[in-house]
Each structure stands twice: as C-alpha cells, then as structure tokens.
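The values are calculated or read from the model by the stated rules, or taken from the named source; none is laboratory data. Just so we're clear, the structure is a prediction, and the values are computed from it rather than from any experiment. Cβ atoms come from the backbone with ideal geometry, glycine included; neighbour counts cover every protein chain shown. What goes into the accessible areas is simple: the full protein's heavy atoms, side chains included, and nothing from ligands, DNA or RNA. Shrake-Rupley method; radii C 1.70, N 1.55, O 1.52, S 1.80 Å.
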Amino acid sequence: MEAGQVTLIAEDKQPSGQPDGGSKTPKDGTPKDGTQKESSLREPVPVGKDGKAAPERKRTAKLSEDKRFKLFSGTANPKLAEEIGQHIGVAVGQAKIQRFADGEVYFQLLENVRGVDVFVVQPTCYPVDQHLVELLIMIDALKRASAARITVVVPYYGYARQDRKDRPRVAISAKLIADLLTTAGANRALFVDLHAAQIQGFFNIPVDHLFASPVLVGYFREMKLPNLIVVSPDAGGVERARFFAQKVEAPLAIVDKRRTDMNVAEVMNVVGDVQGKTCLIIDDIIDTAGTLVKTVDALYAAGAASVYACASHAVLSGPAIDRIANSRLEQLVVTNTIPLREAAQKLTVASAEGGQKLPKIKVLSIAGLLGAAIESIHMETSVSTLFS
C-alpha cells in the first residue's frame, strides 16, 4: 500500500469529569447529567399536538463545543474543508486515506463518530471517478461506524450535465450518481449551483441547493463597473443571468448560439444592446472555455467596451487555460468549489493603471456560505436566508 493523502486531525476531548458517552439519554428521556431534572425553576417541557412531550434536540451555542458534530474531508479539496472549519470553529476530523498499488482506495476513520452528526466535504472534480468512489467509501465507513446522520457536502456535482435523455440510448448519469450516494448511506446532501436545479428531484433524501451568486454579486458590486450589462452565454443560462442582473441592477443580454449546418462554425448572435458597455458573462461551469471565448469575441464584435466573466465552477479542462490566456477577457472570477490548477493561478493581466500585474482568474471563497449552511442544518434552522 502506498502512502496517501491524510486529512487534518481534530481533537475530540470529553468535558472534564464526564466519561465517554456520558451525554447519552436513557429510555425515560432524562440525560444522565441531569440537565432536564424536574424542577419548578425549569422551563416547561414542550408538548406536541397529541398531548405527549415533544422531542427536543438540545444543541450547544457553538459547534466547537458540540461533541455530536464532526466535519470530515476527502482529498478533492481539503483546503476548502479547512476554511469551512475555520468559519464554524471546528477542526477537520482525523482520518487516513491511502491507495493500494492498483489505485484502490483505503479509508479509515481515526476517531469515534457513533451517534454523531457528520458532514463530509468532497467535490467530485477531476479526476471525477476517483473522487466519487472515494466519497462513496467514506460514506460507507461512516455508516458502518454508526454515525447518526451523514450529510454529503458536494460543492461541485460531477456528471450533472448528463441530466436527461437528449439522444437515443444514453445514460442519465446525474440520476445514477444520486442513487449511488443514497445507497452508500448519505442521509442528506448539500450542493452549490447544480447545472440543472431539477437534479434535486433525483434524490429521495433532503437536498439543500445553495447558490454562489451572493459571493459573486458582492465582488462585482464593490468593483462598480461602469455601464454594466449582464450577459447569458446561451439560452439555458438566462434564468441564472436574470437573477444576477436583478441583484446588480443591470440590464440583460443574451448570446444566441446557432449552427447553420453540419461541419459549419457556430454563429453567435447578440440579443441586446452592448455597444460601449461593460459586459459581465454569467455561467455555472467553465470547462474547456470554448463557449466563453466565442462569447467574448461576439460581444467585442457587437461593440462592447470591455468583457468580464464569472462562474461558480472552474473545471478548466483541456485547452481552457490557454484559451483564457489568449482571449480578450479582462478577468474571470470563479469560486473555490474546485481547487484552481497551478497553471491557472499564474495567469496575469496588466492593471488599468499599468505596471502592476493582476490575476486574470480571480478566486473567491464560498467557505463562509457553506459554513453557515452546515451550521443551519446541524442546528435545524432555516437555510433560506442564504439564498438572497
């Protein structure tokens, strides 16, 4: 077995004077520590509609003090998991991930998770199959270790683009992955900017679908770009672009992409007035960047003064980095749902003042957004405030 990547270590100390498992509740509903002993000074026990005592889950004010909460990470994006842990005040749990010589995954939990509310952070990014199998094995290990609830936190959901039968005899891979996660033992799922929102319906477990737009909107509001207009690179992304345009109080334009005949280059028609304006292209995934670069060229041809772009997931596969480097794009803004490749981090562009080099691909962190969602799920409070 070859040495592999190991997640961070989190200490799980018991409170002084209390043995392990001291917070377990007997059948009569009264904890051993006596926190709910009958007393006239205590608050009355909540009563349900049937007249019986309603179950109430007590949580500590801080997750760092809650021994029934743990955060784990796979090898896909451990840095994001660490940032999430910093936001909620919890260290990433201790686990060992190794690989056999033939590539098989070996995973072992190095701390007790019995009766614990567990969150596993693992985007299924490149290499997609490897990280997906790793996530499934982690879920299985947690289930067999008697975790009370397993929530998979998947910032980037691989295979999401195969969500329907658009051609004869093709697989609906997005549904298959949903079945795999559920069968492995996931009790709940948390995603960021699914390629198609209806993928939530493929799951028979609760799903929380977050949007990276609050983070991206805040960044572009601070930039205060002049004569801003939001652009959707295709008809499928109009709803996403319209939402973004409303938040930044800007008009909307659409690029209509058409192929006139087989083996003929696509024709890009700009619907909307972009003459002399600063264009902001909104998309969820930047993969090979082919559509992005063509959209940039079409906007400049229509008279745009400058073009920016933003996306939730920077897949950046194949020739994407070279295409972005050689394009007239001012800046591409992405989030850290997927770790940015080293070659992409080196791309720079001269600032407007000249002299100073700025990153051509800017990465914004969604750790705070995910941390707030994780805390709300654990505390069983609403996550709807995170959608605005």
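Just the number, please: Stokes-Einstein D of the stretch 214-359 in µm²/s, Kirkwood Rh from C-alpha pairs, 4 °C, 1.567 mPa s. In µm²/s, the coefficient rounds to 83. For the stretch 66-217, the mean projected area of the C-alpha convex hull, equal to one quarter of the hull surface, is 10.2 nm². Protein heavy-atom surface of the stretch 173-300, 1.4 angstrom probe: 50% of the accessible area is carbon and sulfur, with nucleic acids and ligands not counted.
Between amide H atoms placed 1.01 Å from N, distances below 5 Å from Val121 occur with Phe72, Ser73, Gly74, Val153, all of them 5 or more places distant or on a separate chain. The Cα atoms of the stretch 284-366 give a gyration tensor whose axes a ≥ b ≥ c have a/c of 1.5 or more with a/b no greater than b/c, which makes the shape oblate.
The trypsin sites (Lys or Arg not before Pro) of the stretch 82-147 that DSSP puts in a loop, and whose beta carbon has at most 14 other beta carbons within 10 Å, are Arg114. Extension gain, Ser376-Glu249: 0.36 nm per intervening residue step, less the Cα-Cα distance, totals 42.8 nm.
According to the calculation over all Cα-Cα pairs in the stretch 127-271, the P(r) per 10 Å bin from zero is 10, 29, 28, 22, 10, 2 %.
Shown here for the stretch 299-367: trypsin sites (Lys or Arg not before Pro) in loop regions (DSSP other than H, G, I, E, B) with at most 13 other Cβ atoms within 10 Å, namely Arg328, Lys346.
Per-residue extension of 0.36 nm, minus the Cα-Cα distance of Thr348 and Lys143, leaves a gain of 69.3 nm for this segment.
The modelled label-to-label distance between Ser317 and Ser173, using points 7 Å beyond Cα along the C-beta direction, is 0.6 nm. In this structure, the amide hydrogen of Val271, modeled 1.01 Å from its nitrogen in the peptide plane, lies closer than 5 angstrom to those of Ile254, Val255, Asp256, counting only residues at least 5 positions away or on a different chain. Applying the Karplus relation 6.51 cos²θ - 1.76 cosθ + 1.60 with θ = phi - 60° to the stretch 67-77 yields 3J(HN,Hα) values of 7, 9, 9, 9, 10, 10, 9, x, 8, 5, 8 Hz, where x marks Gly and Pro. Among residues other than Ile321 with Cβ under 11 Å from its Cβ, the summed charge is +2 (Lys and Arg +1, Asp and Glu -1).
Calculated FRET efficiency, Lys96 to Asp273, Cβ-Cβ distance, R0 = 51 Å: about 0.30 to the nearest 0.05. Distance between the 7 Å Cα→Cβ label points at Val383 and Thr183: 2.5 nm.
A full extension of the chain between Glu111 and Arg221 corresponds to an added length of 35.2 nm, given 0.36 nm per residue minus the alpha carbon distance.
Take the Cα of Ser365, go 7 Å toward its beta carbon, and the backbone nitrogen atoms of the stretch 152-182 under 18 Å from that spot belong to 155-156.
Of the listed pairs Lys79/Lys175; Lys67/Lys362; Lys175/Lys346; Lys247/Lys362; Lys294/Lys362; Lys67/Lys346, which have alpha-carbon separations greater than 30 Å here? Distance filter (> 30 Å) returns Lys67/Lys362; Lys175/Lys346; Lys67/Lys346.
Rg of the Cα atoms in the stretch 246-322, relative to 2.2 N^0.38 Å, amounts to 1.15. Using the Karplus relation 6.51 cos²θ - 1.76 cosθ + 1.60 with θ = phi - 60°, the per-residue 3J(HN,Hα) values for the stretch 372-384 come to 5, 5, 4, 5, 5, 5, 5, 7, 6, 10, 6, 9, 5 Hz, with x marking Gly and Pro. Between Thr288 and Arg258, the simple label model (points 7 Å from Cα in the Cβ direction) yields a spacing of 2.4 nm. Sequence-distant or interchain residues sharing an amide H contact under 5 Å with Ala212, placed H: which? Close amide H contacts, sequence-distant or interchain: Asp193.
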